[in-house]
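K.L.:
Okay, handing you the structure first.
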Amino acid sequence: MKHGFKAQANRIALEMRREFGLAPEAPMCPFILCEHFEIRVLPLSQFSDEAAYFLSEGSSAFSAVTVQRGINRAIVHNDSHSVVRQHSNLMHELAHAFLGHPPCEAFDEDGERVYSSDIEQEANFLAGCLKVTNEAAWHIVKNGLQSTAPEIYKVSNAMLNWRLQVSGANIRAMRSKSKRRAS
């Protein structure tokens, strides 16, 4: 990721909260974000027969995809996933939109998946910030909310731990604890 991207991603996540009048540490719902930005959310189960495989034994093979036509966007997402995973999938797709990533072909002529690892890394990082801002991570650690935060923020334990680490909240808490002991 380019220099300064991580700080930019957190600023984007904070701006989304400001737009809704939310505190920097407040949870944010991707369905509300999609509605606000007029991005249709289409559950995969709506496609019945064509989607049956991806809704059952092949559910890990498909999470979500953004379909764009002109300025109109829609996100098709796998509604057989857990709520936490659905939120993560939608935030990832929203991150592509917020970062202005151009739409691209999903598969090459041989049927192989086409993607840019740089673009995917950016979308993954911003999606994490949209779910748990740096300020939310500090709020969680400072107030000892690690056990309840996954439910509050609709994140997996792995996502929560990652955000607490990359945001610096864990290090900040250790330093704060060391200072209190030294006093």
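All of the numbers you see were taken from the coordinates with simple rules; none came from a lab. The shown structure was predicted, so the numbers you read here are calculated from the model rather than taken from an experiment. Cβ placement follows ideal geometry from the backbone for every residue including glycine, while neighbour counts extend to all protein chains displayed.
K.L.:
Short version: what are the Cα gyration tensor semi-axes of segment 120-183, square root of 5 times each eigenvalue, largest first, in whole Å?
P.N.:
Details: eigenvalues 108, 35, 12 Å².
Here the semi-axes work out to 23, 13, 8 Å.
K.L.:
For segment 5-132, compute Rh as the Kirkwood radius over C-alpha pairs and then the Stokes-Einstein diffusion coefficient at 20 °C and 1.002 mPa s; write the answer in µm²/s, rounded to an integer. Working shown, then result.
P.N.:
Working: Rh = 15.4 Å.
It comes out at roughly 139 µm²/s.
K.L.:
Suppose R0 equals 30 Å. What FRET efficiency, 1/(1 + (r/R0)^6) with r the Cβ-Cβ distance, do Ser176 and Val83 give to the nearest 0.05? Mind showing how you got there, number by number?
P.N.:
Working: r = 33 Å, r/R0 = 1.10.
Here the calculated transfer efficiency is 0.35.
K.L.:
Can you tell me how much longer the chain between Met1 and Ile32 gets when fully stretched, taken as 0.36 nm per residue apart minus their C-alpha distance, in nm with one decimal? Working shown, then result.
P.N.:
On the way: separation 31, 0.36 × 31 = 11.16 nm, distance 2.80 nm.
Answer, rounded to one decimal: 8.4 nm.
K.L.:
Less than 19 Å from a label point 7 Å out along the Cα-to-Cβ axis of Glu151: which backbone N atoms in segment 21-42 qualify, by residue?
P.N.:
What the label zone holds, given the 19 Å backbone N cut-off, is 26-29.
K.L.:
Here's something else I'd like to know. Where both partners of a DSSP beta bridge lie in segment 1-159, what percent of those bridges are antiparallel, to the nearest 5?
P.N.:
Looking only at bridges with both residues in segment 1-159, the antiparallel portion is about 65 percent.
K.L.:
Among Thr133, Thr66, Thr148, which comes first, then next, by fewest other beta-carbon atoms within 10 Å? Can you show the working numbers first?
P.N.:
Working: Thr133 28, Thr66 18, Thr148 11.
Listing Thr133, Thr66, Thr148 from fewest to most nearby Cβ atoms yields Thr148, Thr66, Thr133.
K.L.:
Give me the extension gain from Ser56 to Gln121: residue separation times 0.36 nm, minus the current Cα-Cα distance, reported in nm with one decimal.
P.N.:
Values: separation 65, 0.36 × 65 = 23.40 nm, distance 2.76 nm.
The span from Ser56 to Gln121 would gain 20.6 nm if fully extended.
K.L.:
Exposed loop GluC sites (Glu not before Pro) only (DSSP loop, at most 11 other Cβ atoms within 10 Å): please give the longest stretch of the chain free of them, not including the sites.
P.N.:
113-183
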